[in-house]
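> Below is the structure I would like to discuss, written out as structure tokens.
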Amino acid sequence: MDLNLKNKIVVVSGSAGKEGSIGETIINRLADEGAIPVLVDRNARGFEYVERLQKRGVNSLFVQTDVTDPVAIENAVKVIGAKYGRIDAIINNVGVNDGAGLDSSYEDFMNSLKLNVVSYFLLTKYSLPFLKESKGNILNIGSKVALTGQGGTSGYAAAKGGVLGLTREWAVDLIQYGIRSNAIIIAESYTPAYEDWIKTLPDGEAVLKKISKTIPLESRMTKTEEIADTALFIISEKSSHTTGQFVFVDGGYVHLDRALISDVN
């Protein structure tokens, strides 16, 4: 299916994670569709990713940015605007489950919010003039933790709850401009960060197997490619009448009957 994303300027925050991360997968899928991926991330790995894309003949840009810094985000959008003159979509993809729980300091809690939800607000705020002009759209990457809780991660849970609230709020705010706002909610996806966590556990493989069995559809983790493909569909004109929605790419993890789950022992 041609999603008509060719030459669309799509800004993706949190897009310089390790190879195989959600952000890195999204930018490559965008390139496959002929879009122009713009990477916004603090990790210098983004320079390498853009170089690879350019060797493929893909027009791409990396703006190294501390997404917890309002001035840095504002400046990043200025750089993007100066180069391309427009923005057609933004994908807010920053997410670090940093373990800022009830035993954490006020500063740690606030830092978690700045990274995991305030960055979404800032990138959207500063990109808004361009989105109004293009009648573009916003896609927020969320987490099941906002709905299910997890334990020991108050900052991340509060931030991801805020992401869902902002998704609906922006859908209402921006409907007058023809701007759509949606969110993808992810449950268990085997990203490099997830793999790193599994490796810290004494019997990580057993834990991974147990978690996988709790996912109703096929008893497996969601692939980052499945998340990326859904993201591209939502930001495309093929989803032109979809706004204010939470799209779950989770193999039924959050909603389906627990009776579907195989023996997890």
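The values are calculated or read from the model by the stated rules, or taken from the named source; none is laboratory data. Keep in mind it's a predicted model, so treat the numbers as computed, not measured. Every residue, glycine among them, receives a Cβ derived from its backbone with ideal geometry; neighbour counts consider all protein chains shown. SASA here: full protein model, heavy atoms, side chains in, ligands and nucleic acids out. Shrake-Rupley method; radii C 1.70, N 1.55, O 1.52, S 1.80 Å.
> Of all residues in region 25-83, which are under 26 Å from Y190 (Cβ atoms) and of a type in the set (D, E)?
D32, E33, D41, E48
> Could you list all residues from region 66-84 that are within 17 Å of P37 (Cα to Cα), of a type outside the set (A, V, I, L, M) and open to solvent by 60 Å² or more (accessible area, probe 1.4 Å)?
Within region 66-84, K78, K83 qualify.
> State the number of residues belonging to region 145-165 that are part of a helix (DSSP H, G or I) and either among the hydrophobic types (A, V, I, L, M, F, W, C) or within 14 Å of D98 (Cα to Cα) (or both). Don't jump to the end; show me each part of the working.
Going through region 145-165, the residues part of a helix (DSSP H, G or I) turn out to be 145-148, 154-165.
With the extra rule that they be either among the hydrophobic types (A, V, I, L, M, F, W, C) or within 14 Å of D98 (Cα to Cα) (or both), the set shrinks to 145-147, 154-160, 163-164.
Of the residues in region 145-165, 12 are part of a helix (DSSP H, G or I) and either among the hydrophobic types (A, V, I, L, M, F, W, C) or within 14 Å of D98 (Cα to Cα) (or both).
Per-residue answers, yes or no, for (1) more than 21 Å from the chain's Cα centre (by Cα); (2) in a helix (DSSP H, G or I); (3) on the phi < 0 side of the Ramachandran plot:
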{"residue": "V50", "(1), (2), (3)": "no, yes, yes"}
{"residue": "G57", "(1), (2), (3)": "yes, no, no"}
{"residue": "F62", "(1), (2), (3)": "no, no, yes"}
{"residue": "D66", "(1), (2), (3)": "no, no, yes"}
{"residue": "A76", "(1), (2), (3)": "no, yes, yes"}
{"residue": "N97", "(1), (2), (3)": "no, no, yes"}
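> Turning to a different aspect of this structure: For region 99-122, give me the residue count where each residue is within 17 Å of R42 (Cα to Cα) and either more than 16 Å from the chain's Cα centre (by Cα) or open to solvent by less than 10 Å² (accessible area, probe 1.4 Å) (or both).
5
> Taking the conditions exactly as written (within 24 Å of L260 (Cβ to Cβ) and buried (at least 23 other Cβ atoms within 10 Å of the Cβ)), does G151 satisfy them or not? Quick ask: steps written out before the conclusion?
Values: within 24 Å of L260 (Cβ to Cβ): yes; buried (at least 23 other Cβ atoms within 10 Å of the Cβ): no.
The answer is no for G151.
> Do the conditions hold for K6, that is, is it touching a helix residue (DSSP H, G or I) at 6+ places or on another chain (Cβ under 6 Å), open to solvent by 10 Å² or more (accessible area, probe 1.4 Å) and either part of a loop (DSSP other than H, G, I, E, B) or at pLDDT 95 or above (or both)? Spell out the reasoning first.
Details: touching a helix residue (DSSP H, G or I) at 6+ places or on another chain (Cβ under 6 Å): no; open to solvent by 10 Å² or more (accessible area, probe 1.4 Å): yes; either part of a loop (DSSP other than H, G, I, E, B) or at pLDDT 95 or above (or both): yes.
Judged against the criteria, K6 is not a match.
> Another one. From the list A146, A159, pick out the single residue that is aliphatic (A, V, I, L, M) and buried (at least 24 other Cβ atoms within 10 Å of the Cβ). I'd like the intermediate steps shown before the answer.
Working: A146 fails: buried (at least 24 other Cβ atoms within 10 Å of the Cβ).
One residue alone meets the criteria, A159.
> Select from region 4-39 the residues that are hydrophobic (A, V, I, L, M, F, W, C) and under 19 Å from V249 (Cα atoms) and list them in ascending order.
Start the filter on region 4-39 by keeping residues that are hydrophobic (A, V, I, L, M, F, W, C), which leaves 5, 9-12, 16, 22, 26-27, 30-31, 35-36, 38-39.
Within region 4-39, V12, I22, I26, I27, L30 qualify.
> Residues in region 38-64 that are open to solvent by 50 Å² or more (accessible area, probe 1.4 Å) and of a type in the set (A, V, I, L, M): how many? Before you say what the answer is, go through the steps one by one.
Going residue by residue through region 38-64, those that are open to solvent by 50 Å² or more (accessible area, probe 1.4 Å) are 42-45, 47-48, 51-52, 54-57, 59, 64.
Cutting the leftovers down to of a type in the set (A, V, I, L, M) gives us 44.
Matching residues across region 38-64 total 1.
> Considering every residue within region 125-139, establish whether at least one is under 13 Å from the mean Cα position of the chain (by Cα), among the small types (G, A, S) and not in a loop (DSSP other than H, G, I, E, B). Step through it out loud before you land on a result.
Taking region 125-139 and keeping what is under 13 Å from the mean Cα position of the chain (by Cα), we get 138-139.
Within this subset, residues satisfying the condition of being among the small types (G, A, S) are none.
Checked region 125-139: no residue is under 13 Å from the mean Cα position of the chain (by Cα), among the small types (G, A, S) and not in a loop (DSSP other than H, G, I, E, B).
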